[in-house]
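No lab work stands behind these numbers, since they all come straight from the coordinates. A quick note: this is a predicted structure, and the numbers were derived from the prediction, not measured. So basically every Cβ, Gly included, is an ideal-geometry build from the backbone, and we count neighbours across all protein chains shown.
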Amino acid sequence: MQYEAVIGLEIHAQLLTDSKMFCGCSVKFGSEPNTQTCPVCIGMPGVLPVTNKNAIEYVIKTGLALNCTVSPYSRFARKNYFYPDLPKGYQISQYELPLCEGGYVEITEDSSIKKIKLTRIHLEEDAGKNIHDGAGNYSFVDLNRAGTPLMEIVTEPDIRNPQEAVEFMKKLRTILKYINVCDVNMEQGSFRCDANVSVRPVGQKEFGVKAEIKNMNSFKFIEKALEYEIKRQVKVLKEGGRIIQETRLWNTDRGITESMRSKEEAHDYRYFPEPDLVPVEVEPSWIERIKTQLVELPDSRLERFISQYGLPGHDAGLLTSERATAEWFEEAVKSGGDPKGVSNWMMGELLRLLNEDNKQMEECALKPGQLVGLLNLIESGVISGKIAKTVFEEMYKTGRDADVIVKKQGLIQVSDESAIEKVVDEVLKNNQKELERFKAGDEKLLGFFVGQIMKITKGKANPKIVNELLKKKLMEDN
Amino acid sequence: MEIERVALLARIKLAEGEKELFSKQLGSILQYIDKLNELDTKEVEPTSHVLSMKNIFREDRTIPSLSKDQALLNAPDSAGDFYRVPKIIE
């Protein structure tokens, strides 16, 4: 029997606010333990939470970017459970009235587009962090993260395989970064997901029993964990067993998902409306105002790059995958750069160098106008394309303008025919053996001569003129 | 028994005698609340809040936090920079 997987994702994205969800403590990552807390976020009696307006706006913004309906009326709810990282004994979350409902994300798969529908987006506060001491009898708790604004995006069970799940996560990450609501750092946990996975015989409509997979903190692990889990479930069913609804953790070291074996007791969170917070009403005018802050999203930008600049789809896709990259490109074109030239230099050189340095476009010292300066020098024949690569690397490293580097290092292209002719003559004279072989029909040696000439001129000779002169001389000699 | 479930969720240990006593007491409270079901509330919007307030927000600005020592002061147990709790079994 053939089985197919049914996957739904729950994504948690930390919002890019300065302060926590319900108090003024900083949300900075990596501070000393327990130095970013106050009576509100450590659950002292008698305190009152007050909602961070930016957090609400970031969720509305996300809802608009993901085609959701922003709820005109929503409220917070208490989710009650005990865990050491949850100081109040409840998490302030949203239950029956989330901030956004519906919506979808489009992913591309085998060059066809698939819509992954969203159920909802809601706002909640993060818990603290537990630290386990391997051998000892204690665990330790850092509450710096407790109360950090967290947006939970829930998908419909529309995903059918691990690759789609990864594609979805990549697309979502791009969009959240574009609209600047989350720093999407998976390593630091500011962008993470859990997956509900079940399998069913192909053709069956009803869903199978699902397992929830947690602890997948990279795209690679999402793919591996889901692959493993699907195989596991199919094997259990084929052997006549049944799937237990449970939470499973991805074990990176062993490459398997493991049951958390939590007590069989079904969770009972006893949600109820948070009495300490008043409802949130989102007027259409508020939505309109946030709409005006939305930037052009990756999909429409990609389309535009193809139609407006005549770029191939692959190039446009690469250039629009990050907002900063797309903006750098457009800035360069606006400064007079030829779109294809700019695109080639960005993809071939700039992105490669940034990648080597493990740097983001935002950290790039080189300004778009400077690349245009370089392109102009090539265009006007001041430097050769080959030298330009060296110049570019120097520009990238130092942030200096191309003409400054060219002048300082004496890299200006030699286009003076008589000067080049001298070198050509010299090379032919000094390489008699090769010359004879060439005459005997070994035409590959043309490249050898060009190489020798470039070596002597330190790459500065205008290659077009070198080629012309060289061919002329060789013909003459024949 | 319902009372055992409630006690478990609230992490309260009940003695045998207490179970019966609290069962009775809780029962009478629930019965009392049940009286409200006699009212016809079909036309009444559910209320989550007694005040007619909405959209109370703060601007996204940070203010100084407690010092680590202050934060840990009221904890039943702490060690170094952390709250200390009985080992969480994974």
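The figures follow:
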| read-out | value |
| --- | --- |
| 5 angstrom amide H check on A:Cys100, placed H, neighbours 5+ away | A:Ser71, A:Ile121 |
| Inter-probe distance in nm under a simple model that places probes 7 Å from Cα toward Cβ, at A:Glu331 and A:Ser418 | 4.6 nm |
| Too-long pairs where the Cα-Cα distance tops 23 Å, listed order kept, from B:Lys13/B:Lys68; A:Lys177/A:Lys397; A:Lys129/B:Lys87 | B:Lys13/B:Lys68; A:Lys177/A:Lys397 |
| Filter on A:Lys429/A:Lys473; A:Lys291/A:Lys367; A:Lys114/A:Lys235; A:Lys408/A:Lys464; A:Lys61/A:Lys220 - keep pairs with C-alpha separation over 19 Å | A:Lys291/A:Lys367; A:Lys114/A:Lys235; A:Lys408/A:Lys464; A:Lys61/A:Lys220 |
| Amide H contacts under 5 Å for B:Asp60, placed H, 5+ residues apart | A:Lys53, A:Asn54 |
| Virtual paramagnetic centre 7 Å along Cα→Cβ of A:Val209, amide N under 12 Å, in the stretch A:153-186 | none |
| Straight-distance crosslink candidates among aspartates and glutamates, where the alpha carbon sits under 18 Å from A:Lys389 and sequence neighbours closer than 8 are dropped | A:Asp338, A:Glu349, A:Glu356, A:Asp357, A:Glu379, A:Asp401, A:Asp403 |
| Selection of trypsin sites (Lys or Arg not before Pro), the stretch A:175-279, meeting DSSP coil and at most 14 other Cβ within 10 Å | A:Lys205, A:Arg242, A:Arg254, A:Arg261, A:Lys263, A:Arg270 |
| Spatially proximal aspartates and glutamates relative to B:Lys19 (Cα-Cα < 19 Å; intrachain offsets below 8 disregarded) | B:Glu2, B:Glu4 |
| Helix A:385-398 vs. chain A, principal-axis angle (Cα, 0 to 90°, nearest 10) | 40 degrees |
| Exposure proxy order (Cβ contacts within 10 Å, fewest to most) of A:Glu206, A:Glu57, A:Glu229, A:Glu393 | A:Glu206, A:Glu393, A:Glu57, A:Glu229 |
| About the Cα centre, charge dipole magnitude for the protein assembly as shown (Lys/Arg +1, Asp/Glu -1 at Cβ), debye | 1020 debye |
| Dipole of chain A, positive end: most advanced residue of A:Ala211, A:Ser190, A:Val423 [Cβ charges, Cα centre] | A:Val423 |
| Virtual spin-label span in nm between A:Lys170 and A:Glu393, 7 Å along Cα→Cβ | 2.9 nm |
| Nitroxide proxy distance, nm - points 7 Å out along Cα→Cβ at A:Glu96 and A:Asp357 | 5.6 nm |
| Helix-only CD estimate at 222 nm, as mean residue ellipticity for chain A, using -39500 (n - 2.57) per DSSP H run (n ≥ 4) | -12000 deg cm²/dmol |
| Rounded if a/c under 1.5, otherwise prolate or oblate - chain B, Cα gyration tensor axes | oblate |
| Estimated FRET transfer efficiency when R0 is 35 angstrom, pair A:Asp253-B:Glu4 (beta carbons, to 0.05) | 0.35 |
| Sparsely packed GluC sites (Glu not before Pro) within the stretch A:261-331, loop by DSSP, other Cβ within 10 Å at most 11 | A:Glu264, A:Glu265 |
| Least to most buried among B:Ile56, A:Ile107 (fewest other Cβ within 10 Å first) | B:Ile56, A:Ile107 |
| Number of partner chain Cβ atoms within 10 Å, mean per residue of A:271-281 | 3 |
| Cleavage-rule hits, GluC sites (Glu not before Pro), the stretch B:5-51, DSSP coil, Cβ neighbours within 10 Å at most 13 | B:Glu43 |
